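The values are calculated or read from the model by the stated rules, or taken from the named source; none is laboratory data. Keep in mind it's a predicted model, so treat the numbers as computed, not measured. Don't worry about glycine lacking a Cβ; one is built from the backbone with ideal geometry, like all the others, and counts go over all protein chains shown.
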Amino acid sequence: MVAARKASAKPLAKKAVEVTLPSIDKSLPVWPYSLFTDYDVDLFLVGKHFRLYEKMGSHLLTIENTVGAYFSVWAPNAIRVSVVGDFNDWNNTAHSLNKRWDKSGIWEGFIPNLKKGDVYKYFVKGFDESEHLKGDPFAVRWEHPPQTACIIWDTDYSWKDKPWLSKRPKINALNQPISVYELHLGSWQRDPNEPERVLNCREVAAALVPYILEMGFTHVELMPIMEFPYFPSWGYQITGYYGASSRYGSPQDLMYLIEELHKANIAVILDWVPSHFPGDRHGLYEFDGTHLYEHADMRKGFHPDWKSYIFNYDRNEVRSFLISNALFWLDKYHADGLRVDAVASMLYFNFSREDDDAATNEYGGSENLGAIQFLQDLNIAVYGNFDGVQTIAEESSTYHGVTHPVHEGGLGFGMKWMMGWMNDTLKYFKIDPIERKHHQNLLSFSMTYAFTENFMVPFSHDEVVHGKSPMLYKMPGDEWQKFANLRALYSYMYTHPGAKLLFMGNEFSDTNEWNFTQSLDWHLLQYPPHKGMQETVKALNFLYKKEPAMYHFNFSYEGFEWLDADNRDESVFVYMRKGLKAKDTLVIALNLTPVVRENYKIGVPFKTKWKEIFNSDDIIYYGSGINNKGDVIPFEEGYNNQQFSISVTLPPLAVIIFKSK
């Protein structure tokens, strides 16, 4: 069911209103000054302020003809908060902020004569006299790791992607083709002369944009680009939620990359991690000397697998922080969607825990009610304030209604990763073809639940790391059969209902597991099998965008019909994909053994001639070249519950697609 999206959210807080406090004493090192109105504070305290980035953090301002920076930070349990940096020799008594007189717990003030590029942190003294040197939770730029200080910066950019934004609601809709190329900026491509150097966003843009256009992907998904201290975490252990990682250049460099993709009509999805954060001392953990952002009950506040800390979704101010962060990337960086990581870990207290070590909610259940409310509020805010964006849940449980509208009790996401499909499909394709007849249900089962959510079918980075092997070596058989199996696997993915996602390097069958410390093995494209794999994915992408039957009903039963799911002995599957018009109908046949099947009978709904429009066994894909040349004439003989039938040749370990003429 495709969830309806209505702009039903409450309006965001109004743009920053400067509130000058009376009688500024210019002799003070920190001037009493505020960007907060009483309305802002009220929204923040009830968890409904979704533009906190306009108020909190550091902001370059001119106050009474004096240039400087305004700072504000939430630290309700601190007894003193100071700004320290290279401008005051890191003296924690030189620039103490003023605590607001209300219940907000916000410390703020204006420091004159600071400029863009100045480096700073917050010195926080806890109620117990403990001392903490913290990065700014709202900093938009950080030092390059391993340095951990923040940099006074801005998010100013002269955007030139208005044409894209105006047509985004149509192009990025759920009834349009969605083919996502998942990308890690630090290892897609490296400088060949300095392979240890990570390219910045502008350098990546020069090669990435033409490559995505050539390959036919509609979307790019960037693995986390928010600031993170530990490179081997791939970005999933974030300390700077509002900062574009300095590893890839300045904030404006990232904006340039996104803009260049938009100019080429390519949508950009950002991987976003509101599920947990690391315990680095300069980060969010024990920010004011107490468990401020994380839950104080470690059964709810600590993730045993990732050794990280879980946000306290019951706390209104934390929900304001996170939802503001989501909207920040959509607003300031013009992102077209957010892929929300590890949703299942947020939904359940007993995720990765034994029941006797897991907390329960107020009703005795395992669901994290605060997280559910947060996710619903998030999606209402996102869809209610931005046209044409999508949220995507990486969610591995059986939680019902992830992509159902909030007003129907769902979480309100646009799409959800189809993890069950991915696991069953890989399990099937790893099996020797001679044994596949015993496991037919591994591929047919997905259609029993394919339309209960708006699913995206993924082969992501998670499948080619930690000893799982590259995609190619999951396949059985000799070299030719491995490539044939993998071409069939991708062809099956593209013809299965749902949006698509493929991790970088998979499109040309990289022979190594993904290594985040080096470039992809682009040299493999000089070899025909790998070039053929790349050509297969390219052809599938362009066919996917050309044929409405492959995308229009991606999330609805009207777009799919089995013709034969029960030919176990020959490991053959046949199904139809349908569009709005009968002439759009496609017939897809999968032959998942290395045996050529001649004169294979398939039922078809129309008497018109049929033509093979795709064949994964084509020579240009490094296949054997067995195909169905010319027109295929139907017989007036019913079969597969259809009025007519055709007789075709099924190539070995291949997928073929027919369309009526």
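Given Y622, Y639, Y575, Y600, which one is more than 24 Å from Q440 (Cβ to Cβ) and outside the structural domain of T425 (by TED's automatic domain parsing)? Please lay out each step first, then the result.
Working: Y639 fails: more than 24 Å from Q440 (Cβ to Cβ); Y575 fails: more than 24 Å from Q440 (Cβ to Cβ); Y600 fails: more than 24 Å from Q440 (Cβ to Cβ).
Being more than 24 Å from Q440 (Cβ to Cβ) and outside the structural domain of T425 (by TED's automatic domain parsing) holds for just one of Y622, Y639, Y575, Y600, which is Y622.
Only residues that are part of a strand (DSSP E or B) and touching a helix residue (DSSP H, G or I) at 6+ places or on another chain (Cβ under 7 Å): list them for the range 614-635, please. Spell out the reasoning first.
Within the range 614-635, the subset part of a strand (DSSP E or B) is 614-615, 632, 635.
Hit for the range 614-635 is F614, nothing else.
Can you find a residue in the range 498-511 that is part of a helix (DSSP H, G or I) and either surrounded by fewer than 16 Cβ atoms within 10 Å (Cβ to Cβ) or at pLDDT below 95 (or both)?
No, there is no match, as no residue in the range 498-511 is part of a helix (DSSP H, G or I) and either surrounded by fewer than 16 Cβ atoms within 10 Å (Cβ to Cβ) or at pLDDT below 95 (or both).
Hey, any hits in the range 557-564 for a residue that's assigned to a loop (DSSP other than H, G, I, E, B) and free of Cβ contacts under 8 Å to residues at least 40 places away in the same chain? Walk me through how you get there before you give the answer.
Going through the range 557-564, the residues assigned to a loop (DSSP other than H, G, I, E, B) turn out to be none.
Within the range 557-564, not a single residue is assigned to a loop (DSSP other than H, G, I, E, B) and free of Cβ contacts under 8 Å to residues at least 40 places away in the same chain.
Note down all Cβ pairs under 6 Å where the first residue falls in the range 354-369 and is closer than 16 Å to S397 by Cα, the second is hydroxyl-bearing (S, T, Y), and they're at least six residues apart or on different chains.
Short answer, once both residue conditions are applied: S366/Y348.
Return the residues of the range 469-493 that are part of a helix (DSSP H, G or I), more than 28 Å from R577 (Cα to Cα) and of a type in the set (D, E, K, R); say none if nothing qualifies. First the steps, then the outcome.
Here is the first cut: in the range 469-493, the residues part of a helix (DSSP H, G or I) are 472-474, 479-493.
After this cut, where a residue has to be more than 28 Å from R577 (Cα to Cα) as well, the list is 473, 479-480.
Once the filter is applied, which keeps residues that are part of a helix (DSSP H, G or I), more than 28 Å from R577 (Cα to Cα) and of a type in the set (D, E, K, R), the range 469-493 yields only E479.
Among the residues of the range 308-329, are any over 21 Å from F138 (Cβ atoms) and either within 25 Å of the chain's Cα centre (by Cα) or not assigned by TED's automatic domain parsing to the domain that holds S460 (or both)?
The answer is yes, given that some residue of the range 308-329 is over 21 Å from F138 (Cβ atoms) and either within 25 Å of the chain's Cα centre (by Cα) or not assigned by TED's automatic domain parsing to the domain that holds S460 (or both).
Which numbered condition trips up L254, out of (1) within 21 Å of W514 (Cα to Cα); (2) in contact (Cβ under 8 Å) with a residue 60 or more places away in the chain; (3) assigned to a helix (DSSP H, G or I)?
(1)
If a residue must be of a type outside the set (F, W, Y), in contact with a strand residue (DSSP E or B) (Cβ under 8 Å, 6 or more places away or on another chain) and either within 18 Å of Y383 (Cα to Cα) or not in a loop (DSSP other than H, G, I, E, B) (or both), how many such residues does the range 302-318 contain?
4
Yes/no per residue for (1) of a type outside the set (G, A, S); (2) within 27 Å of F231 (Cα to Cα); (3) modelled with pLDDT under 95:
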| residue | (1), (2), (3) |
| --- | --- |
| W272 | yes, yes, no |
| Y285 | yes, yes, no |
| E294 | yes, yes, no |
| G301 | no, yes, yes |
| F311 | yes, yes, no |
| M346 | yes, yes, no |
| A358 | no, no, yes |
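Might you let me know whether the range 431-451 holds any residue that is without any contact (Cβ under 8 Å) to a residue 40 or more places away in the chain, part of a loop (DSSP other than H, G, I, E, B) and at negative phi? Give the steps one after another, and end with the answer.
Initial filter on the range 431-451 (without any contact (Cβ under 8 Å) to a residue 40 or more places away in the chain): 435, 439, 441-442, 445, 448-449.
Narrowing the set further to residues that are part of a loop (DSSP other than H, G, I, E, B) leaves 449.
If we keep only those that are at negative phi too, we end up with 449.
So far as the range 431-451 goes, yes, one or more of its residues are without any contact (Cβ under 8 Å) to a residue 40 or more places away in the chain, part of a loop (DSSP other than H, G, I, E, B) and at negative phi.
Tell me which residues, restricted to the range 522-534, are without any contact (Cβ under 8 Å) to a residue 24 or more places away in the chain and within 24 Å of the chain's Cα centre (by Cα).
Once the filter is applied, which keeps residues that are without any contact (Cβ under 8 Å) to a residue 24 or more places away in the chain and within 24 Å of the chain's Cα centre (by Cα), the range 522-534 yields nothing.
Would you confirm whether any residue within the range 198-212 is more than 25 Å from K121 (Cβ to Cβ), over 20 Å from the mean Cα position of the chain (by Cα) and among the acidic types (D, E)?
Yes, because at least one residue in the range 198-212 is more than 25 Å from K121 (Cβ to Cβ), over 20 Å from the mean Cα position of the chain (by Cα) and among the acidic types (D, E).
Suppose we filter E598, E636, E612 for residues that are surrounded by fewer than 16 Cβ atoms within 10 Å (Cβ to Cβ) and either modelled with pLDDT of 95 or more or not acidic (D, E) (or both); which single one remains?
Step by step, each of E598, E636, E612 is checked, and only E598 is surrounded by fewer than 16 Cβ atoms within 10 Å (Cβ to Cβ) and either modelled with pLDDT of 95 or more or not acidic (D, E) (or both).
Need the failing condition index for D25 against (1) modelled with pLDDT of 95 or more; (2) in contact with a Pro (Cβ under 9 Å, 6 or more places away or on another chain), just the number.
Result: D25 fails condition (1) only.
What is the number of the single condition among (1) in contact (Cβ under 8 Å) with a residue 40 or more places away in the chain; (2) closer than 24 Å to V220 by Cβ that D462 does not meet?
Result: D462 fails condition (1) only.
Residue by residue, here is whether (1) under 25 Å from the mean Cα position of the chain (by Cα); (2) crowded, with 20+ Cβ neighbours inside 10 Å; (3) modelled with pLDDT under 95 holds:
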site: F553; (1), (2), (3): yes, yes, no
site: A565; (1), (2), (3): no, no, no
site: R568; (1), (2), (3): no, no, no
site: A589; (1), (2), (3): no, yes, no
